[in-house]
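Colleague: Take this structure first; my questions come after.
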Amino acid sequence: MPLRRPDREPGDSRWSSRWMGLSGLPGLASLSGALAPDSQAGRSNLMQMVQLRWLAVAGQFATVVAVHYTLGIHLPVAEMLTLLLVLLLFNLACWIRTRWVPSVGNAELFAGLLVDVAVLSGQLFYSGGVTNPFVFLYLLQIAVGAVLLPARYIWPMVWLTAACFLALTQWHQPLRLPDLAGLSLPPHYVGGLLICFAINASLLVTFIHRISGNLRQRDARLADLRQRAAEEEHIVRMGLLASGAAHELGTPLSTLSVILGDWAHMAPFAGDPELRQEIEEMQVQLQRCKAIVSGILMSAGEMRGEAPALTTLHAFLGDLVAHWRRTRHAGRLEYRADQDLPDLHIISDVGLKQMIDNILDNAQEAAPGQPMLLRAFAEEDQLVLCVRDRGPGFLPEMLERLGKPYQSSKGRPGGGLGLFLALNVIRSLGGHLQARNLMNEEGGGAEVEIRLPLSALVPQGLADNAAHDG
């Protein structure tokens with residue numbers, strides 16, 4: 001998909017600092033922390049309960065007045081309106097609390113539901129108990145609790161409402177209805193009501209919690225996809241900067257190559273072995289820089305005339321280790337390939353090389369001058385690469401945010417991007433990366449484990465042949 005050209009050139013430092021510095025602004029960090037969903041959920045739930053309680057107060061008041069004065073059914077109006085006044089004052093206090101408190105806990109929401117159940121039980125006590133058709137409003141309290149609260153709160157609510165239901169079968173003031181004068185509910189009917197209530201309450205809690213769990217999993221998945229989309233956008237922006245820098249570095253690198261070539265043939269330099277060795281080292285590092293620039297341009301689609309090279313897994317890893325040793329003279333790398341590692345035909349991918357190089361470079365910088373180990377083996381149709389060093393290991397906060405941009409122990413601007421890019425290359429191949437600290441007889445260290453599906457490395461057209469060779 002073609003990329004939209006930015007307003008400034010990719011090489012413009014002002015353009016790059018504009019977007020690269022946003023994630024480090026303390027103001028944005030504090031704002032995102034203040035607006036965290038977890039800190040706002042309780043307050044929002046309390047506001048919903050306040051609104052629902054206003055409706056309950058209005059509905060109960062209208063029902064009491066209509067039944068007593070319109071239908072002519074005598075009710076203890078004074079007692080029932082007193083309960084409504086208590087509920088109204090309690091709800092007013094809750095509404096004031098939502099204006100001043102930034103967050104509300106589950107225990108407070110549970111206490112509010114207990115007040116609702118107590119007031120409803122009092123209203124039913126004065127209006128016929130279980131003979132009142134509004135007795136199943138208990139299920140509304142259970143449903144609200146099942147949506148807002150975890151199971152450790154809602155199951156006690158179920159048992160409490162069931163106990164209130166059972167108590168109202170024995171203790172209540174009967175409704176004075178002309179049609180029911182002298183009649184009472186049979187015990188079997190009351191028992192059936194209680195069983196029906198218990199079944200409905202249990203099913204409500206069970207299925208509402210399951211549906212809420214499914215919704216939370218969906219939201220978590222969407223949040224993960226949004227995070228990956230943001231990271232991929234970050235990579236695209238860095239790609240724009242990298243391609244612009246590669247264009248600009250081409251000319252000075254070529255100039256340096258010509259100058260070094262001329263120096264190598266000059267008598268003062270050619271006659272001094274130490275100077276000649278240093279010039280050769282400079283030429284090696286210059287060739288490495290030119291290879292990196294060429295890889296960036298090829299990844300950006302500007303060298304499509306060069307076909308990807310077909311190689312084998314053993315040759316790819318062997319060449320990669322040899323190149324790393326040749327270009328990092330201070331590095332001491334031991335390479336082990338298990339005998340069961342299949343020698344499949346794979347594509348020599350520049351991104352895969354750079355990803356492994358980044359992991360090795362990080363290990364070398366963590367423990368300069370110390371020996372490192374790269375082990376390659378196959379496990380359950382996966383290529384496993386383990387890089388071990390003898391450095392101080394990862395900090396706990398680094399392990400928690402592994403692979404996030406600008407998370408680095410090196411203490412310099414822009415640090416942490418190597419592991420961030422490596423992790424995204426691994427994800428694009430369907431693999432995953434793990435890091436851990438080691439505790440062994442050699443004094444500890446750290447290990448980074450890369451797992452890649454072997455099928456993702458094999459060219460699609462040669463998949464059957466590669467499987468046969470393996």
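The values are calculated or read from the model by the stated rules, or taken from the named source; none is laboratory data. In this text the structure is predicted, and so the values were computed from the model without any measurement. With ligands, DNA and RNA removed, areas are computed over all heavy atoms of the protein, side chains included. Shrake-Rupley method; radii C 1.70, N 1.55, O 1.52, S 1.80 Å.
Colleague: Provide Rg over Rh for segment 310-400; use the alpha carbon set for both Rg and the Kirkwood Rh (inverse mean inverse pair distance).
Modeller: Here the Rg-to-Rh quotient is 0.98.
Colleague: Based on alpha-carbon centroids, what's the gap between segment 141-159 and segment 57-112 in Å, whole number please?
Modeller: Cα centroid to Cα centroid, the span is 20 Å.
Colleague: Using only the Cα atoms of segment 74-157, what semi-axes does the equivalent ellipsoid have when each is the square root of 5 times a gyration tensor eigenvalue? Give whole Å, largest first.
Modeller: 25, 18, 8
Colleague: For Thr131, tell me the accessible area in Å² from a 1.4 Å probe, rounded to the nearest 10.
Modeller: 60 Å²
Colleague: Accessible area, 1.4 Å probe, largest first: how do Arg216, Arg375, Arg390 sort?
Modeller: Order by accessible area, largest first: Arg216, Arg390, Arg375.
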